């Protein structure tokens with residue numbers, strides 16, 4: 001799975017998002033939604049597990065309090081959400097406060113970011129902005 005692209009969408013009245021077809025085709029029937037910084041991250045189950053484990057490069061140690069605390073904080077934010085037959089996910093499973101904190105109302109941008117997708121408020125994303133891509137790609 002390798003997710004890419006920026007797609008502008010609107011949430012429906014029930015706070016559901018129709019996933020863009022290029023992203024939807026690479027997912028199964030379930031995604032984990034995780035509020036992170038200014039966005040909601042969406043992962044396929046196996047990618048979510050790999051993301052959590054990436055925070056423990058030497059391996060998870062169940063006897064390490066810091067490992068337990070980080071794993072708990074990551075997992076308690078995650079919300080499993082089924083993808084319905086129309087390719088929609090319910091953002092209503094995430095608290096209204098968490099959506100509001102990220103500015104997510106009706107218009108959103110869905111951005112493929114390698115092993116996950118991100119849901120951003122459309123107000124915070126300019127699909128034409130290049131974000132100084134040349135400066136990031138090449139050494140000075």
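All of the numbers you see were taken from the coordinates with simple rules; none came from a lab. Note that the structure is a prediction, hence the values are computed from the model and not measured. Cβ: placed from backbone, ideal geometry, glycine included. Neighbour counts: every protein chain shown.
Dividing the summed helix terms, -39500 (n - 2.57) for each DSSP H run of n ≥ 4, by the number of residues in the chain produces a 222 nm estimate of -7000 deg cm²/dmol to the nearest 500.
Going by how many other Cβ atoms sit within 10 Å of their own, how do 9, 116 line up, fewest first?
Ranking 9, 116 by Cβ neighbours within 10 Å, fewest first, gives 9, 116.
Fully extended, how many nm does the chain gain between residue 86 and residue 1 (0.36 nm per residue separation, minus their Cα-Cα distance)? Net length gain for the segment: 28.5 nm. Each peptide among 12-22, 64-74 gets the average number of other Cβ atoms lying within 10 Å of its residues, and from highest to lowest they stand as 12-22, 64-74.
Based on the alpha-carbon gyration tensor of the stretch 1-44 and its eigenvalue square roots a ≥ b ≥ c, which shape applies: rounded if a/c is under 1.5, prolate if not and a/b is larger than b/c, or oblate?
Because its axes are fairly even, with a/c under 1.5, the stretch 1-44 counts as rounded.
Which of these values of Rg and Dmax of the Cα atoms in Å was calculated from the structure shown: (1) 16.1, 48; (2) 18.3, 67; (3) 14.0, 40? Computed from the coordinates, Rg and Dmax of the Cα atoms in Å corresponds to (1).
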